[in-house]
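Q: Sharing a structure here in structure tokens format.
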């Protein structure tokens, strides 16, 4: 008996290293546009202006490509053997989100999507377009509609087979393919992800305020991080996995088998002292080809200085002090905050000179805040 077209596509997807494949129609879930409108109405997107700029195309796949008839959703497992919470106990090191310890998944997955798209063309004809995260495609609700998993109360996709650890990509095609059934929500009464968030970023189950999320603050946010979030960040210097890692469905998760997604030594929860010593060229060299590079040196060092200020480790003082005169106001401000946390006496010595010569208002504010805290 001849195998179905869907079965043949699935076979080729598996051969390319994808761990899961499902198909849905090019009509987005009914609630997808309304949820985005509500998110934007409350300005919960913060600095992510691209969400607002592309909102209309994001609400429906056919708004992005009117000729699309079907969407092939692909998942690639990036689970690993390490306990995601273990690094939080090592204050001298920065904690990096699991996904960012590897090669940039956009590059890995897009190359494989292009290969699979070519094979779909050969099998089914029509036309295809491939997308992985950077395009205005709401892949999580589409993946839930296709049956890859469901959107948990933390708004991320959860799989019964892979837990929280799936990279997503999609192939839009003009060919009508048999759609799969949506996955049922299996969260039940559990609220582990909501309770685990260090900054209380969830306004309600299935709703998040990105402006409070540590992943947003450490990756997307371009400015100074508000004092009310700094202690809660702990030693998280790029992203946060707490709401993902605590999910009970992770008991079924597996280790990634994709060699291109192996964890890299230079990104695997690096020592803060090393990160604080990076100039722009060294930052680019160390994190070339990884997701971390997109944050840029100044934001990444800003994050590391917050982690240093939380570390209660006096050996970091000299590394922090070296950044007080950094060219970036982001870095100078957090160096002022961190030095006051690590060595208040040194802060008292340095503060008058810094206040006298500092022109950036936020950096001055950090020194002045320290003065108020240390006043008798």
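The values are calculated or read from the model by the stated rules, or taken from the named source; none is laboratory data. Quick caveat, the model's predicted, so the values are computed rather than measured. Positions of Cβ are generated from backbone atoms using ideal geometry, with glycine treated the same way; all protein chains shown enter the neighbour counts.
Q: Just to be sure, is residue 120 in a helix (DSSP H, G or I) and either over 16 Å from the mean Cα position of the chain (by Cα) or modelled with pLDDT of 95 or more (or both)?
A: Values: in a helix (DSSP H, G or I): yes; either over 16 Å from the mean Cα position of the chain (by Cα) or modelled with pLDDT of 95 or more (or both): yes.
In short, yes.
Q: Next question. Going through 49, 28, 75, 94 one at a time, which residue ends up being within 23 Å of residue 207 (Cβ to Cβ) and crowded, with 20+ Cβ neighbours inside 10 Å?
A: Details: 49 fails: crowded, with 20+ Cβ neighbours inside 10 Å; 75 fails: within 23 Å of residue 207 (Cβ to Cβ); 94 fails: within 23 Å of residue 207 (Cβ to Cβ).
Of the residues listed, the single one that is within 23 Å of residue 207 (Cβ to Cβ) and crowded, with 20+ Cβ neighbours inside 10 Å is 28.
Q: When residue 294 is evaluated against the numbered criteria (1) surrounded by fewer than 17 Cβ atoms within 10 Å (Cβ to Cβ); (2) more than 16 Å from the chain's Cα centre (by Cα), which criterion, by number, is the only one it fails?
A: The single condition residue 294 does not satisfy is (2).
Q: Run down 13, 38 and say which single residue is in contact with a helix residue (DSSP H, G or I) (Cβ under 7 Å, 6 or more places away or on another chain) and either closer than 30 Å to residue 223 by Cα or crowded, with 22+ Cβ neighbours inside 10 Å (or both).
A: Working: 38 fails: in contact with a helix residue (DSSP H, G or I) (Cβ under 7 Å, 6 or more places away or on another chain).
Residue meeting the stated conditions: 13.
Q: Could you tell me whether residue 11 is assigned to a helix (DSSP H, G or I), closer than 16 Å to residue 117 by Cα and free of Cβ contacts under 8 Å to residues at least 12 places away in the same chain?
A: Judged against the criteria, residue 11 is a match.
Q: Quick one: count up the residues across segment 313-325 that are outside any helix (DSSP H, G or I) and over 27 Å from the mean Cα position of the chain (by Cα). So that I can check it myself, show each step before the final result.
A: Let us first name the residues in segment 313-325 that are outside any helix (DSSP H, G or I), namely 313, 322-325.
Those still in the list that are over 27 Å from the mean Cα position of the chain (by Cα) too: 313, 322, 324-325.
Number satisfying all stated conditions: 4.
Q: When only residues in segment 31-55 that are farther than 15 Å from residue 208 by Cα and in a helix (DSSP H, G or I) count, which is farthest from the chain's Cα centre (by Cα)?
A: 33
Q: Quick test for you: out of 352, 329, 361, pick the one residue that is touching a helix residue (DSSP H, G or I) at 6+ places or on another chain (Cβ under 7 Å) and over 18 Å from residue 236 (Cβ atoms).
A: The unique qualifying residue is 329.
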